[in-house]
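Values in this text are rule-based calculations from the coordinates and carry no lab data. None of these values were measured; they are calculated from a predicted model. Don't worry about glycine lacking a Cβ; one is built from the backbone with ideal geometry, like all the others, and counts go over all protein chains shown.
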């Protein structure tokens, strides 16, 4: 799993804060009040129900990976494309002067497991095409695992509105049972629709945006890994540093 950056995503933090504020301020401006959004029954049906549904759908390891990836929303992995470019230019010069074995000393300074594995294959004298095939398989595997984890939040965004409707229907059933007491009708109907707010609000303000943000981060990570593969192949082929730099600059964001 990629290491999170020391920098926070300001837009994500602002978006999450605005999402909460929009519900609270909107409830006040509409005259419902913040207390109208507080409902233990709605929370139980929508939130716990959504968690239950996603637990049934998702394997244990995928769920654990999804929970670990949640921090990427506000603290995405470091973008190290410029660092990779500098390294590859340096390594290309070393390889041309000392041969591929001259890069063996560089392995100790590489913290990224993906980059370290690829560099080891280059140092071991692997054929460029074999190195590409091995690294692309690992890149595809990592991307697939990350996307499965991101779909956990997408699934929650699908289930939450439906459970909100179930909560509303259950609330209306309770209202229908108290038709003889008009004093309870207004309060009962309001409580019934609170579950709908929970479901639609959680889905569209939190779960679905989180899933889409994670997919963007995953795409960026795959792009960096593709850059690593191209850089390593260029070094294995003995490409000169200037040509390598031109070749890799197309990956820079």
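For the pair residue 226 and residue 19, label points projected 7 Å from Cα toward Cβ lie 2.8 nm apart. Rounded to the nearest angstrom and listed largest first, the equivalent-ellipsoid semi-axes of the chain from its Cα gyration tensor are 54, 18, 11. Protection proxy ranking, highest mean first, for peptides 54-65, 150-161: 150-161, 54-65, where packing is the per-residue count of other beta-carbon atoms within 10 Å, averaged. Here the simple spin-label model places points 7 Å from the Cα toward Cβ, and for residue 148 and residue 190 these points are separated by 4.7 nm.
For region 36-92, the share of alpha carbon pairs falling in successive 5 Å distance bins from zero is 4, 14, 11, 12, 12, 13, 9, 7, 5, 5, 4, 2, 1 percent.
For region 60-102, the gyration tensor built on C-alpha atoms gives an oblate shape. Its axis ratio a/c (a ≥ b ≥ c) is at least 1.5, and a/b is not larger than b/c.
Between residue 97 and residue 247, the modelled label-to-label distance comes to 2.0 nm, taking each label 7 Å out from Cα in the direction of the beta carbon.
Nearest 10 degrees is fine. How inclined is helix 113-123 to the longest principal axis of the chain, computing both from alpha carbons? Roughly 20 degrees, rounded to the nearest 10.
Pop the C-beta distance of residue 105 and residue 75 into the FRET formula with R0 = 25 Å and round what comes out to the nearest 0.05.
Numbers: r = 32 Å, r/R0 = 1.30.
Step by step, r from the Cβ atoms, then E = 0.15.
Computed from Cα positions, the angle between helix 128-176 and the longest principal axis of the chain comes to roughly 0 degrees.
Please say if region 1-80 is rounded, prolate or oblate, where rounded means a/c under 1.5 for a ≥ b ≥ c the square roots of the C-alpha gyration tensor eigenvalues, and otherwise the choice is prolate for a/b larger than b/c and oblate otherwise?
oblate
Report, as a whole number in µm² per second, the diffusion coefficient that Stokes-Einstein gives for region 88-193 at 4 °C and 1.567 mPa s using the Kirkwood radius over alpha carbon pairs. It diffuses with D of about 68 µm²/s by this estimate. With the cut-off at under 20 Å, measuring from each backbone N in region 211-252 to a point 7 Å along the Cα-to-Cβ line of residue 117 picks out 218-236. For the residues 122, 175, 28, a GNM of the chain with alpha-carbon springs under 10 Å puts the largest fluctuation on 28. Normalised by residue count, region 137-243 yields a Cα convex hull volume of 69 Å³ per residue. Output the relative contact order of the chain, whole-number percent, from Cα pairs under 8 angstrom with separation of 6+ residues. It rounds to 31 percent for the chain. Against the main long axis of the alpha-carbon atoms of the chain, helix 60-69 sits at an angle near 80°.
Under 18 Å from a label point 7 Å along Cα→Cβ of residue 170: give me every residue in region 200-216 with its amide N that close. Under cut-off, by backbone N: 200-203.
Could you tell me the relative contact order of region 120-253? Use alpha-carbon pairs under 8 Å, at least six residues apart, and round to a whole percent. Could the numbers behind the result be given before it?
Values: 109 pairs, mean separation 46.6, N = 134.
Computed over region 120-253, the figure is 35 percent.
Remark: the residue 56-residue 82 segment gains 5.1 nm on full extension, using 0.36 nm per residue and subtracting the alpha carbon distance. Gap in Å between the Cα centre of region 1-72 and the Cα centre of region 200-253? So the separation of the two Cα centres works out to 27 Å.
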